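Novice: One structure follows; several queries about it will come next.
Nothing in this text is a laboratory measurement; each read-out follows from the coordinates by a stated rule. Since we're looking at a predicted model, the values are computed, not measured. Ideal geometry is used to build each Cβ from the backbone, glycine not excepted, and the neighbour counts take in all protein chains shown.
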Amino acid sequence: MGKPFRLLEEAVLSKNLDIVRFLVEKGANTNSNETYNPLYFASGNGDLQMVKYFAEELKMKIDTANIIQAACFSPGIEVFKYFIEERKLAIDTINVVKMCSYGSLEKLEYLKSRYKIKIAEISINHDNILISYINSKYSQRIDTNFVKFCISQGIDINSKDKNGNNSLMLCVKNATIDDVNYFIRNGIDLHCRNSEGKNVIDFCNPQNGHYKKIKTLLVEKGLIDPYVLFDALDERNIELIPALVKAGVDLNLIDYRGHTCLEMACQQGEFEVVKLLVESGADINMKLQSNRTLLMYALQRCNYDCVEYLINKGVKTNVADDYGKLDMFFIFSKNCTDEANKLKMLMLMEEKGIDLYRTGKDSHNILVEAAINHDKTTIRYLLEKKGFNINSVTKNGTTIFDMFTNDKQFLKYLFSKATITPDYKKLFYLSSFGNYPEVISYLIDSIKVIKVNDKYQGKPVIVNVRELKIADYLIKKGIDINEKDSEGMTALMVACSHFNLDLVKLYVNSKVDINAKDSYNWTALDWLLDYKNNSRVNDIIDYLIENGAVSGGVDKKERPVVWN
């Protein structure tokens, strides 16, 4: 109401007449505001006893328009009738009817009876009372008794607002299933479309607890949008799908995203929906985007039952998508974390005639794909039961061993299956980049052919190190920390380029050549000077200078590419 509540007004709103009398006797001002005075608040509160106290005992001035407005929106009808019948206020009946149309059915019926008003002829902003009432309840459930009253007064239940929305469209958002049934029984046009081409289904609210029942009811009544099946799958409204199938919706339609309903059901792992759609005529081998198949999506979802069903129904197998990815490779997805179930599907596919020994576009076989995805269960099965060659590699020359330089126990297992000697120097180099000291120690201490200063393709291991534990272990084993790579980079320079103070301290304390220069005459300090505004960098700079570090100075050359 825009005005601060005074103590008297708060007492009025709390309906405590004794306190109100006490405050008035003590001099509380009852007329400080001609519009929003205590009588106005008492009227809006529906408190007849309080109203009579102010109007009769205190004889407060009555502002008819404001008081009637307050009474229109008050609970109950007693205060409203008091002002009309006992105080004989002259009211603008049409305007009062409009105010009551926002939900006061009892007052509306009273006005209609007393003044013989033709409710159906009243317009509120170009809408009749029914539409106006429903719009006023935008975020609330409507009262079907109010709708019933409007219909009894000759208002068409199929009335529309200026946008072509009928009464059900406007109220279905918060309606119950009983509300919708009421509109249907009373002849609502379910096939009505508004100026944007939307029908009542488009107005249904997924947050409404009756949403699924309402949508199913509308479908059963013949309201079927060509794409409503996709909506049901998107919303996981599985209960609606049998009704849509029964109603004859096109099961092979492609939506704006290029999906089919059967494809979506497979992606979601909805096996019962997949069965229903296939048994009802959905094309199991319809061309999908990127030449993928339903089997690929079922495998990706790790749904054994769906995979078995689709294969038995004749889905395409032994195919690759447009990217050269074989169908069986789809078991290696983030959704398929159950390795036992994955293996079970793999065995099923082989049983059903899928060739496990095929290779994809990148010449990967399934063993390589399993290694890329670190699926140890499948790797063991393929090596021990299917005779796969452990020396399989990716197109970039990465071996199965290379992919497990972070796993000491599995690396030992792979070594036990090796038919040729693995490239231990490469494995030593790769493992030095991570944070797995147990792998490094295993390669040096257990695989006797590895020496701590061994290089891989001319690359010193120490320059590859990023983690403190690895560096500390290698230093204790006697690694040369002043080794340089092909650009003259030392381990200290690499540590500086990554702003790693702990590594820098370890190397300095291990007697590294702090002022060694690379091929461009840069020292370790030079890798930091361009980042002085960084507090971490400043700490390293200060530490290096304290220990005698200097810049390459005028001899420095510009690097064509910044080393990373």
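Novice: With 10 angstrom as the radius, rank Asp283, Asp407, Asp375 by how many other C-beta atoms surround their C-beta, starting from the fewest.
Specialist: Neighbour counts put them in this order, fewest first: Asp283, Asp407, Asp375.
Novice: Follow-up. For the range 209-294, what class follows from the C-alpha gyration tensor (a ≥ b ≥ c being the square roots of its eigenvalues): rounded when a/c is under 1.5, otherwise prolate if a/b is larger than b/c, else oblate?
Specialist: Prolate.
Novice: For Glu483, Glu121, what's the fewest-to-most ordering of other Cβ within 10 Å of each Cβ?
Specialist: In order of increasing Cβ crowding within 10 Å: Glu121, Glu483.
Novice: Taking 0.36 nm per residue of sequence separation and subtracting the Cα-Cα distance, how much length would be gained by fully extending the chain between Ser113 and Ile447, in nm to one decimal?
Specialist: Values: separation 334, 0.36 × 334 = 120.24 nm, distance 10.23 nm.
Between Ser113 and Ile447, full extension yields 110.0 nm more.
Novice: Compare the Cα positions of Asn163, Ser416, Phe80 along the charge dipole of the chain (+1 at Cβ of Lys, Arg; -1 at Cβ of Asp, Glu; about the Cα centre) and return the one farthest towards the positive end.
Specialist: Ser416
Novice: Let me ask something additional. Which FRET efficiency value, to the nearest 0.05, is calculated for Lys148 and Ile238 with the Förster distance at 22 angstrom and r the Cβ-Cβ distance?
Specialist: That pair, Lys148 with Ile238, gives E of 0.05.
Novice: Just to confirm a number: summing +1 for Lys and Arg and -1 for Asp and Glu over residues other than Asp485 whose beta-carbon lies under 13 angstrom from that of Asp485, what do you get?
Specialist: Values: positive: Lys455, Lys459, Lys484; negative: Asp480, Glu483, Glu487, Asp518.
My count for the surroundings of Asp485 gives -1.
Novice: Would you work out the charge dipole size for the range 482-563 about its Cα centre, treating the Cβ of every Lys and Arg as +1 and the Cβ of every Asp and Glu as -1, and quote it to the nearest 20 debye?
Specialist: Computed charge dipole of the range 482-563: roughly 40 debye.
Novice: Over all directions, the average projected area of the alpha-carbon convex hull for the range 482-563 comes to how many nm²? Intermediate values should be presented prior to the final figure.
Specialist: Numbers: hull surface 19.9 nm².
The Cα convex hull of the range 482-563, projected and averaged over all directions, gives 5.0 nm².
Novice: Going by C-beta contacts inside 10 Å, put Ser290, Ser432 in order with the fewest on the left.
Specialist: In increasing order of surrounding Cβ atoms, one gets Ser290, Ser432.
Novice: Starting from the Cα-Cα distance between Asp555 and Gln409, subtract it from 0.36 nm times their residue separation and give me the gain in nm to one decimal.
Specialist: Difference between extended and current length: 47.6 nm.
Novice: If each residue of separation counts as 0.36 nm, what is the full-extension length gain between Asp283 and Thr359 once their alpha-carbon separation is subtracted?
Specialist: 24.6 nm
Novice: Within straight cross-link reach of Lys505, meaning Cα distance under 16 Å, which lysines are found once same-chain residues fewer than 8 apart are removed?
Specialist: Lys469, Lys476
Novice: How many nm is it between the label spots at Asn509 and Asp156, if each spot is 7 Å from the Cα in line with the beta carbon?
Specialist: 9.0
Novice: In addition: Over all alpha-carbon pairs in the range 452-515, figure out the percentage whose distance exceeds 16 Å.
Specialist: 35
Novice: Order of 68-76, 416-424, 193-201, 438-446 by packing, highest average Cβ count within 10 Å first? Please list the in-between numbers first.
Specialist: On the way: 68-76: 19.9, 416-424: 12.3, 193-201: 15.7, 438-446: 18.2.
Per-residue mean Cβ counts within 10 Å order the peptides as 68-76, 438-446, 193-201, 416-424.
Novice: Could I have the simple spin-label model distance between Lys246 and Tyr543, label points 7 Å from Cα toward Cβ, reported in nm to one decimal?
Specialist: Placing both labels 7 Å beyond Cα along the Cβ direction yields 7.3 nm.
Novice: Using just the C-alpha positions of the range 133-249 as equal point scatterers, what log10 of I(q)/I(0) does the Debye formula give at each q in 0.10, 0.12, 0.21 1/Å?
Specialist: The Debye formula, applied to the Cα set alone, gives -0.28, -0.41, -1.21.
Novice: Whole number please: convex hull volume per residue of the Cα set in the chain, in Å³?
Specialist: Dividing the Cα hull volume of the chain by its residues yields 284 Å³.
Novice: May I pose another question? Hey, if you put +1 on the Cβ of every Lys and Arg and -1 on every Asp and Glu Cβ in the chain, which of Val200, Tyr138, Leu468 ends up farthest toward the positive end of that dipole?
Specialist: Result: Leu468, furthest along the dipole toward the positive end.
Novice: If only Cα atoms are counted, what is the Rg of the range 75-183, and what is its Dmax, in Å?
Specialist: Using the Cα atoms of the range 75-183, the pair Rg, Dmax is 14.3, 44 Å.
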